[in-house]
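The values are calculated or read from the model by the stated rules, or taken from the named source; none is laboratory data. Since we're looking at a predicted model, the values are computed, not measured. All Cβ positions, even for glycine, are placed from backbone atoms using ideal geometry, and neighbour counts span all protein chains on display.
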Amino acid sequence: MLEVRVRHAFGEFTVDAAFKAPPGVTVLFGRSGSGKTTLVNAVAGLLTPDEGRIASDDRVLLDTARGISLKPHRRRLGYIFQEGRLFPHLSVRQNLGYGAWFAPRNAPREEFGRVVELLGIGPLLDRRPGALSGGEKQRVAIGRALLSAPQLILADEPLAALDEARKAEILPYFERLRDEVAVPILYVSHSGSEVARLATTVVALEAGRVIAQGAAAEVLGDPSILPSGAREAGAVLTARVARHHEDGLTELDAGGVPLFLPRLAEAPGRLLRIRIAAHDVILSRGRPEGLSALNILPGTVHEVRPGDGPGAIVALDTAGGRVLARITRRSADALALAPGVAAYAIVKTVSVAPSDIGGGRGHL
Amino acid sequence: MADWLGPEEWRAVALSLQVSLWATLASLPLGVFVAYALARWSFPGKQLLNGLVHLPLILPPVVTGYLLLLTLGTRGPVGSILADWGIVLAFRWTGAAVAASIMAFPLMVRAIRLSIEAIDPKLEQAGATLGASPVWVFATVTLPMALPGILAGSILAFAKAMGEFGATITFVSNIPGQTRTIPSAIYAFLQVPGGESSAMKLVIVSVVVAMSALLLSELVGRRIAARVGGA
């Protein structure tokens, strides 16, 4: 368990946040400028905050009240930077071995061969970083952090510099990391889909303050918390693979409600987490007839939250979990949507993007 | 080839190489340290240090030589202490090396400083997060990445030391076999009738040594850059 309490002023802007990161992936989620990187750098020791206390289990990394501030190299962290920051004068193999060389001899460490295999970087070992693609660099950076025998892994928007295809290439490795490596991970992101896929715990930040923290489904399903803006809002559901149909669709079971998705390469019985973006959901008061959409979830309105513009976010409790819908305020009025009112959420089959589907191990 | 240069010319060439090599190698650690301090640290008196390092570049060399004579001469404040320990610099080849290294120092520091400034401090931070102490970060990240600049600085300093004349002749005079380097020898040959051909030969040697040094630095520099670069 990592416990962080930090207060730091940059001129007008103040970061004043406290959160706990239990084992698994804790995502610091918020827009750019919300103080995410400041917090991670404070944990890493690259920034000394005006005031605060940071402790990883029983190890105190920072306690300004007691005048304790460990130097970065004594904190035993693996930091995965947005830009990789591989050493250009060293080969991939030397980059991977760099941290292990400085780690205490008796520190519990990952085996080199296992990490290389986990990240699929075997063929790159004798190359130099200059000869790697963006995605390959990031995989090596993950391996380098992992092999330094860290007690905590920090990742500051490790996918932000990559294009969509490369993101899709790297995300599964973070999932494997979460599921196969015992080290807790503190992960900074402003992307709703990354959070939905990776987070065990979400810490939502806005203007330097924590506005919510808790389990991923809980935080992402709350319409009052839209750290990345209403545009990116989306709820996370848990569903089990029910069966594969002959027409190319896979049927999922979300709390008794069937959901149809284009064929997934997952065995029946497997639990998945699914993200439904709020702008992909249409609401209806009655069960719609004669509609091409396959996925219709009945539920009750939990909250209607008007946005700044003409839009509103409606939270609907369904048997499968909470769904967010982004509609206009005019529609919300016309449908007389209010807490307690019954409504149907209509989700187009294709609107559940494959990159938002990830293996969930009951974290939700 | 050996006959082409007379014994006196040979002595000047050998002495010049000896003086310049020592001047370069002995000042290199301090050069790297000062360059690092100027590139990475902020401390009171930084501009003063920067000015001091660059002073020999701007002052007339004769003035630098005279100041060296005043401080490091056997009766100077520093020189007298050194003399008590048995170290005499004035009118010795070691003094010539000191003069050459001081004259070459600004060029060396400048090249190394630029190469250190070109290294992204974020890479040094990455080293620290991986458990490397500041000394290890310097040894494993900063130093290897600054190698092209260190090499370029050394070659420049060596070439400058080979050509140093004003400060050398003022501080250690022009003693054959002791302090008569190539420039001093050329000057001496031109003072006597019939010395032009000897002077010309030394001029050719100077040009060849300078060109070889440049080519070598270019070659090695390119190799290192290919190894380090492209990140």
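Which strands (runs of 3 or more DSSP E) sit wholly inside region A:236-294 and have at least 2 residues that are touching a Leu at 6+ places or on another chain (Cβ under 8 Å) and modelled with pLDDT of 85 or more?
Fully inside region A:236-294 and qualifying: A:249-254, A:257-262, A:281-284.
If a residue has to be under 20 Å from residue A:37 (Cβ atoms), within 14 Å of chain B (Cβ to nearest Cβ), buried (at least 20 other Cβ atoms within 10 Å of the Cβ) and of a type in the set (A, V, I, L, M) to count, how many in region A:53-94 make the cut?
Summing the residues that are under 20 Å from residue A:37 (Cβ atoms), within 14 Å of chain B (Cβ to nearest Cβ), buried (at least 20 other Cβ atoms within 10 Å of the Cβ) and of a type in the set (A, V, I, L, M) in region A:53-94 gives 4.
Show the residue pairs meeting these rules: Cβ distance below 7 Å; 6+ apart or different chains; first residue within region B:139-167 and within 10 Å of chain A (Cβ to nearest Cβ); second residue part of a helix (DSSP H, G or I) and modelled with pLDDT under 90.
The qualifying pairs are B:145/B:228; B:147/B:224.
Do we find that residue A:307 is modelled with pLDDT under 85 and either among the polar types (S, T, N, Q) or closer than 28 Å to residue A:244 by Cα (or both) in this structure?
Judged against the criteria, residue A:307 is not a match.
Starting from region B:10-39, take each residue that is within 13 Å of residue B:101 (Cβ to Cβ) and list its partners that are outside any helix (DSSP H, G or I), counting only C-beta distances under 6 angstrom and pairs at least six apart or across chains.
Close Cβ pairs (under 6 Å, with a partner that is outside any helix (DSSP H, G or I)) amount to B:19/B:181.
Determine whether region A:183-204 contains at least one residue that is crowded, with 18+ Cβ neighbours inside 10 Å, outside the structural domain of residue A:7 (by TED's automatic domain parsing) and closer than 30 Å to residue A:33 by Cβ.
no
Given (1) closer than 28 Å to residue B:141 by Cβ; (2) without any contact (Cβ under 8 Å) to a residue 40 or more places away in the chain, identify the lone condition not met by residue A:63.
Every condition holds for residue A:63 apart from (1).
Cβ-Cβ under 7 Å, sequence separation 6+ or interchain: first residue in region A:38-50 and without any contact (Cβ under 8 Å) to a residue 60 or more places away in the chain and within 13 Å of chain B (Cβ to nearest Cβ), partner assigned to a helix (DSSP H, G or I) and of a type in the set (Ser, Thr, Tyr). Which pairs?
Within 7 Å, the pairs are A:47/A:38.
Among the residues of region A:140-173, which ones are surrounded by fewer than 23 Cβ atoms within 10 Å (Cβ to Cβ), under 23 Å from residue A:3 (Cα atoms) and either free of Cβ contacts under 8 Å to residues at least 24 places away in the same chain or under 12 Å from the mean Cα position of the chain (by Cα) (or both)?
Listed by number, the residues that qualify are A:156, A:157.
Which of the helices (runs of 4 or more DSSP H) contained wholly in region B:86-198 include at least 3 residues that are crowded, with 18+ Cβ neighbours inside 10 Å?
B:93-117, B:121-129, B:143-163, B:166-172, B:182-191
If you go through region B:215-227 one residue at a time, do you hit one that is part of a helix (DSSP H, G or I), within 18 Å of residue B:11 (Cα to Cα), away from chain A (no Cβ under 14 Å) and among the β-branched types (Val, Ile, Thr)?
no
Scan region A:89-100 and tell me whether some residue there is farther than 22 Å from residue A:162 by Cβ, among the small types (Gly, Ala, Ser) and touching a Ser or Thr at 6+ places or on another chain (Cβ under 7 Å).
Checking region A:89-100: at least one residue is farther than 22 Å from residue A:162 by Cβ, among the small types (Gly, Ala, Ser) and touching a Ser or Thr at 6+ places or on another chain (Cβ under 7 Å).
Anything in region A:98-119 that is surrounded by 13 or more Cβ atoms within 10 Å (Cβ to Cβ), within 27 Å of the chain's Cα centre (by Cα) and not in a helix (DSSP H, G or I)? List them, or say none.
If the condition is that a residue be surrounded by 13 or more Cβ atoms within 10 Å (Cβ to Cβ), within 27 Å of the chain's Cα centre (by Cα) and not in a helix (DSSP H, G or I), then A:109, A:110 are the ones that fit.
Report yes if residue A:60 is among the hydrophobic types (A, V, I, L, M, F, W, C) and at pLDDT below 90, otherwise no.
no
So residue A:211 passes all but one of these: (1) surrounded by fewer than 22 Cβ atoms within 10 Å (Cβ to Cβ); (2) farther than 24 Å from residue A:150 by Cβ; (3) at pLDDT below 85. Which condition number does it fail?
So residue A:211 meets the others, but not (3).
Sort out which residues of region A:310-322 are surrounded by 17 or more Cβ atoms within 10 Å (Cβ to Cβ) and over 15 Å from residue A:285 (Cα atoms), and write them in order of number.
Residues satisfying the conditions are A:311, A:312, A:313, A:320, A:321, A:322.
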